[in-house]
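The structure appears below as structure tokens.
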Amino acid sequence: MGTDTVLRAESIVKNYPGVQALKSVDFDLLRGEVHALVGQNGAGKTTLVEIIAGSVPLDSGTIYVEGVKCDFLDPARSIELGIQTVHQENQLVEDITVAENILLYDLPRTSYRLFSLRSCIRAADQLLQQLGIDVKPGARVSSLTFVEKKLISIAKAFSRQAKILILDEPTASLDSNGKQALFSLIRRYSALGLSTIYISHHLNEIFEISDSVTVFKDGVRVSTRRTAETDVNTVIPEMIGRSSQSLYVRDKTARQTLAERSLLEVVDFHREGTVDHVSFSIRAGEIFGIAGLVGAGRTELAQLIFGVDQRESGSLLLDGKEITPRTPFDAVDKGIGFLTEDRKDSGLVLIQPVYENITLVRLVKEIKARIRSFLNPTRERSAAETVVKQLDIKTPTVLQKVINLSGGNQQKVVLGKWLFAGSQIIIFDEPTVGVDVGSKSEIYRLIESLANDGKFIIIISSDNPELVAVCDRIGVMRTGRLCAELEGNQITEENIVNHSLGLASAGKEEST
Ligand SMILES: Nc1ncnc2c1ncn2[C@@H]1O[C@H](COP(=O)(O)OP(=O)(O)OP(=O)(O)O)[C@@H](O)[C@H]1O
Ligand SMILES: [Mg+2]
């Protein structure tokens, strides 16, 4: 082992019931490098880093940290060895403050060795300011948004002098500002000798930030290369087993004849402090994107429309007829679907099997409509199996509990749920977070086919290339307002970014 190898994993094997997650994987991490792990959903990336982080025990194999064999790893031991992890799923303690979470392993004590919340908050505040994260250290984690929680997990990882930093999809639903802030942090610390394992499905991020890239497929390490010596056309086929040419491209030229279609009007949605009198309308068959920075009010708008939060004004009209939902149940009754960005909190029943999650919304609807005959457990299962095939959800059977699926496959289950629900209007909030490039294309194709079936589609996304690829029109939100609407050749990443930041005057003029 070279002296500059800070971590070595040798012949790592990990089996789960019905799944070989890692099949004898070797992996070396060099000092000061950013080493990217890529691969399809379920390829084994998270399993490998969770083993290194001590959260998951290995079946066989050896881990060396700085040349020393680690016979036993648990989370505390791994932190002692200088390994810090931002997990794919939120692992913060909800009922205590941000500050306590950040300093969980080094809570400051008073001279009587009592825990001091005040100095804890002071220390956390300093760190948050240093990292440029705008969250109150005294707030309870349970009161934070999804994105704020992610930022706090990142701050937590930077709270200790680490040798190895593991980032498992750190940018999932960070906007471009957040990503750049994180990248400059990573660069700063790499220069000081920190080694980083970076997992992401955003290949552009991989090529921007990493020094080497390792491809996983079905629990096997396929290749490791210097990033500078490879490119997407090499990496994608290794990941997904087919060429990058087969990825989704939407033909938008055929989409001109919508004018006489049904019209959905979103009229004057308002909630003080978050959403500022937002109106827009879309035709059946149209895909309407909502872009903007995190905190611009996009998810809040969707929640107002869906009846999650109280609104001060706002109505939803379908061909002039009022269908404004009073509650989320009412929304579902009225044929509105809402795929939330936060799958763990509101999207999934994690301890239930895959098939029950997929058929849940439809079942509730049918029970309400007293159609008892259609779905029974057998039909439910076979219906779910169809969805699992369509979305290529990696699971041994539809009886598997959702909690045991990889992150991206959980996201696909949420998507499956709404595809199966038969909604007429569907709001997707960050639909492909954590989803691999191959499956993304499949999801875009499915969304397009929903549109072609005459459904109304609204997609909220921080992934600007995704919006550009998929949407017919894009509304950009900033500080609660819909500040621009782009269509045709106005739809470019640059325009979206400029409007998001308030730098643009192109496109539809700002309404005051
Ligand atoms: N606790 C568990 N019980 C059963 N199977 C599991 C468990 N955790 C992971 N698996 C399975 O192990 C395989 C590898 O999962 P892993 O989470 O490592 O994938 P990944 O590469 O991180 O995928 P993603 O990109 O979707 O996050 C998957 O087939 C997954 O379903
Ligand atoms: Mg994962």
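Just so you know, all these numbers are worked out from the coordinates, no wet-lab data involved. Here the structure is a predicted model, which is why all the values come from computation and not from measurement. All Cβ positions, glycine included, derive from the backbone under ideal geometry; neighbour counts span all protein chains shown.
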Unit charges on C-beta of K, R, D, E only; dipole of region 5-241, Debye: 600
Mind checking which lysines have their Cα closer than 26 Å to the Cα of LYS417? Skip sequence neighbours fewer than 8 apart in that chain. LYS45, LYS149, LYS150, LYS334, LYS344, LYS365, LYS368, LYS389, LYS394, LYS401, LYS440, LYS455
At SER119 and SER313, where each label point lies 7 Å from the Cα along Cα→Cβ, what is the point-to-point distance in nanometres? 5.3
Taking the Cα centre of region 372-512 as origin, sum charge times position over the Cβ atoms of Lys and Arg (+1) and Asp and Glu (-1), and report the length of that vector in debye to the nearest 20. 800
Based on the inverse mean of 1/r over its pairs of different Cα atoms, what is the Kirkwood hydrodynamic radius of the chain, in Å? 24.2
So what J values fall out for region 477-490 if you push phi through Karplus, 6.51 cos²θ - 1.76 cosθ + 1.60 with θ = phi - 60°, rounded to Hz, Gly and Pro as x? 9, 9, 6, x, 9, 7, 9, 7, 10, 10, 8, x, 7, 6
Rounded FRET efficiency, nearest 0.05, which uses the C-beta distance separating GLU80 from THR492 and R0 of 30 Å: 0.05
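Of all DSSP beta bridges in region 264-501, what percent run antiparallel (nearest 5)?
Roughly 50 percent of the beta bridges in region 264-501 run antiparallel, per DSSP.
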For the chain, give the share of DSSP beta bridges that are antiparallel, in percent and rounded to the nearest 5; count only bridges with both residues there. 55
Distance between modelled label sites at GLN20 and SER281, nm, 7 Å Cα→Cβ extension: 5.9
Distances over 19 Å make up what percent of all Cα-Cα pairs in region 409-508? 45
Using DSSP, restrict attention to beta bridges with both residues in region 5-241 and report what percent are antiparallel, rounded to the nearest 5. 55
Take region 5-241, drop everything but the C-alpha atoms, weight them equally and run the Debye formula without solvent; then report log10 I(q)/I(0) at 0.08, 0.12, 0.14 Å⁻¹ to two decimals. -0.30, -0.68, -0.91
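Please give the charge dipole size of the chain, origin at the Cα centre, charges +1 on K and R Cβ atoms and -1 on D and E Cβ atoms. Round to the nearest 20 debye.
Using only the charged Cβ atoms, the result is roughly 980 debye.
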If R₀ is 22 angstrom, what is the calculated FRET efficiency for the pair GLN129 and ILE96, using the beta carbon separation as r and rounding to 0.05? 0.60
Using the Kirkwood radius over C-alpha pairs as Rh, can you work out the diffusion coefficient of region 264-501 via Stokes-Einstein at 10 °C, viscosity 1.306 mPa s, in µm² per second? 88
Can you give the FRET efficiency to the nearest 0.05 for SER246 and VAL13, using r as the Cβ-Cβ distance and R₀ = 30 Å? 0.40
